[in-house]
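Notes to accompany the following structure.
What follows is calculated from the coordinates using simple rules that are stated; it is not laboratory data. Given the structure is predicted, the values throughout are model-derived calculations rather than measurements. Using ideal geometry, Cβ is built from the backbone for each residue, glycine included, and neighbour counts are taken over all protein chains shown.
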Amino acid sequence: AQKVTQAQTEISVVEKEDVTLDCVYETRDTTYYLFWYKQPPSGELVFLIRRNSFDEQNEISGRYSWNFQKSTSSFNFTITASQVVDSAVYFCAPSRGNAGKSTFGDGTTLTVKP
Amino acid sequence: KAGVTQTPRYLIKTRGQQVTLSCSPISGHRSVSWYQQTPGQGLQFLFEYFSETQRNKGNFPGRFSGRQFSNSRSEMNVSTLELGDSALYLCASSFPPIRAGAGNEQFFGPGTRLTVL
């Protein structure tokens, strides 16, 4: 059985602070895909990043970076220099190779205050 | 390129009625998935269709059903509505993976907000 945990229910930061969102995905699968989605107040989920389980190289894209460690099953997502528009619910969504069936975590509500 | 569209955006029904929701995927996307989002249960997978065939199904009762047409548009139907069916229903589409088992990201529509009275 797989289990995805986003332990942080709510995070509040002040604009320009860095913030890291945690996700732990426990699975016996050796190959899987990890996605992060953002759901702003408007309600529409927006794809942010994707990682493959067989590639542990950490990456940076603009203000976003992610740290994947297979040994600890953690897939953390960092926003650098947060902005008010980053306020949203962030979901970690692992997939066992079929992106059409993703298991979503409970989400972390990020509030960025001006 | 147009995004995923869902109709209607809002719907109010009463218990016992049935409802049909529609989803048009992004052009070229052949996989369409449906999710239910509620404050208590979060985002839960309903089912996925690919090339007019249901490929995966979540843990929902048989009152929830769906189908996909040859143009990849999809509909989901909920019969005998219950109060607990009140939720945001999200449709997502994705491009077929280059190889089996490869994961491609999903693109979500704005959702249909269903209220059951």
* Asked: What translational diffusion coefficient, in µm²/s and rounded to a whole number, does the Stokes-Einstein relation yield for chain A at 37 °C and a viscosity of 0.692 mPa s, taking the hydrodynamic radius as the Kirkwood radius over Cα pairs?
  -> 232
* Structure fact -> Per GNM of chain B with C-alpha springs under 10 angstrom, the most fluctuating residue out of B:Ser70, B:Ser79, B:Ser24 is B:Ser70
* Cα centroid separation - region B:7-42 against region A:73-114, whole Å -> 22
* Give me D for the protein assembly as shown in µm² s⁻¹, whole number, from Stokes-Einstein with Rh from the Kirkwood sum over alpha-carbon pairs, 10 °C and 1.306 mPa s. => 87
* Out-of-range pairs (alpha-carbon distance over 25 Å; input A:Lys70/B:Lys57; A:Lys101/B:Lys13; A:Lys16/A:Lys101; A:Lys3/A:Lys101) -> A:Lys70/B:Lys57; A:Lys101/B:Lys13; A:Lys16/A:Lys101
* Asked: Rounded if a/c is under 1.5, else prolate if a/b beats b/c, else oblate: with a ≥ b ≥ c from the C-alpha gyration tensor eigenvalues square-rooted, which is region B:1-115?
  -> prolate
* Cα gyration tensor of region B:11-76, axes a ≥ b ≥ c as square roots of the eigenvalues: rounded (a/c below 1.5), prolate (a/b > b/c) or oblate? -> prolate
* Asked: Highest GNM mean-square fluctuation, chain A, Cα pairs closer than 10 Å: which of A:Leu34, A:Leu45, A:Leu21?
  -> A:Leu45
* Asked: What average number of partner chain Cβ atoms lie no more than 10 Å from the Cβ of the residues making up A:43-52?
  -> 5
* Convex hull over the Cα atoms of region A:1-64, averaged projected area in nm²? -> 5.8
